[in-house]
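Here's the structure we're looking at; comments come further down.
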Amino acid sequence: MPDRVVDAIVNHTILESQIGGYEAQARQSVALDQVYDTVAGHIGAKRHEIALMENATVAWCHAFYALPLKAKSRILTCEAEYAANYVAFLHRAKRDDLIIEVVPSDATGALDVAALEATMDENVGLVAITWIPTNGGLVNPAADVGKVARKYNVPYLLDACQAVGQMRTDVETLGCDFLSATGRKFLRGPRGTGFLYVRDHWLETLEPAMIDHFGAPWTARDRYQLREDARRFETWENSYALRAGLGAAIEYADTIGIDKIEARVSHLAGFCREQLRQNSKINLRDIGNHHCAIVSFTADGANPADIVDKMGKAGFVLGTSCASSTRLDAERRKLPTMLRIAPHYYNTEEEIFRAIEQLVKCL
Ligand SMILES: Cc1ncc(COP(=O)(O)O)c(C=O)c1O
């Protein structure tokens, strides 16, 4: 997190400790309210289409579980779908008698938009895909998927968790009805933050799967009134310190400029891939034609957990992606646990060079 994000969180927490939680919220109400404009501005939405959430998963689930889907409706998804989303498909498929169908990937490994279009019919109740999967550099053609969903008038739920903060995210271009994202990844915000975008025409009809007296004030003994905005998906109690941090993180990204960020991370990830290719023991595992700043690879004979540990001791932070987080893709490609390097704009070519030099020593 940038210093100003940490400051925003810490300052709000200190204020709470000095004057109390309710009072701190009241004193900071204008700035806290501004976070909705900041999020909306960052993704080309309107402020009433934004709900602030505690993570991307909860945001995604709120949209998914609110959607009315009649029995035998088809849910179309992608091979790189994220585990949390897929288990929710399984859950609703069992509960509501729905059919999950996985749109095949094209020869490059990205979702095949022509195959998606070919399978559309009146029984499709939802198109729900992950834009950038958890296990690598693939960037699915989210905007092309949006065009198909719109053409057939099918709701489109986009998991943009790993895209927001590393590439331009514009809900009009994407054509999505719902979008979920996290604060803690490329936005450099705090853990425990996320947001949900709900296209405004859905707000007229969509009942949250669960409500409280914030999202739906108790207006008479036998009645509640849903809020008119996307905040009907929120609850009364929240971490305002973390919200302040999320707002500061997005403002920080906007100050740098998302196009500049995208160009820089894409350059650094390209450099990283180039360096990794130099070693014959390393196998890049990224699929698709369009790659993002998440570089995934395996190394012959190496135990990923050991590598992460050794690299950590040497001062380099690597991640791993296990098969069960993107099971369909992992099974199809017979992927073991992979290693993951994800440079951000503050990294340098030299740091990446040194990281890979160190990595090679660990093999
Ligand atoms: C593709 C994808 N979607 C959603 C999530 C969940 O995000 P959060 O941890 O904010 O719930 C992740 C986290 O790794 C992810 O990779």
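None of the figures in this text is laboratory data; all of them are computed from the coordinates on show. If you're wondering where the values come from, they're calculated on a predicted model, not measured in any experiment. Using ideal geometry, Cβ is built from the backbone for each residue, glycine included, and neighbour counts are taken over all protein chains shown.
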Would you mind listing the helices (runs of 4 or more DSSP H) fully within segment 29-147 where at least 1 residues are within 16 Å of the ligand (Cβ to nearest atom) and in contact (Cβ under 8 Å) with a residue 12 or more places away in the chain?
29-43, 56-66, 83-96
Considering residues of segment 207-228 that are assigned to a loop (DSSP other than H, G, I, E, B) and touching a strand residue (DSSP E or B) at 6+ places or on another chain (Cβ under 8 Å) only, the residue nearest to the ligand (Cβ to nearest atom)
Ile211
Taking segment 267-290 on its own, how many of its residues are within 30 Å of Arg4 (Cα to Cα) and crowded, with 20+ Cβ neighbours inside 10 Å?
3
Residues of segment 274-299 being of a type in the set (D, E, K, R) and touching a residue at least 40 places away in the same chain (Cβ under 8 Å), in sequence order, are Lys281, Arg285, Asp286
Out of the residues in segment 161-184 that are more than 22 Å from Asp254 (Cβ to Cβ) and not acidic (Asp, Glu), state the one that is farthest from the ligand (Cβ to nearest atom).
Gly175
Go through segment 1-31 and report how many residues are crowded, with 19+ Cβ neighbours inside 10 Å and within 22 Å of the chain's Cα centre (by Cα).
3
Of the criteria (1) more than 16 Å from the ligand (Cβ to nearest atom); (2) closer than 28 Å to Lys72 by Cβ, which one Leu158 fails:
(1)
Just need a number here: residues in segment 176-206 that are within 23 Å of the chain's Cα centre (by Cα) and part of a loop (DSSP other than H, G, I, E, B).
15
Residues of segment 191-206 satisfying the condition of being more than 14 Å from the ligand (Cβ to nearest atom) and either among the hydroxyl-bearing types (Ser, Thr, Tyr) or free of Cβ contacts under 8 Å to residues at least 60 places away in the same chain (or both)
Tyr197, His201, Trp202, Glu204, Thr205
Just to be sure I understand the filter: pairs with C-beta atoms under 7 Å, separated by 6 or more residues or on different chains, first member in segment 177-190 and under 17 Å from Glu49 (Cα atoms), second member among the aromatic types (Phe, Trp, Tyr) and within 11 Å of the ligand (Cβ to nearest atom). Which pairs pass?
Ser180/Trp60; Ala181/Phe195
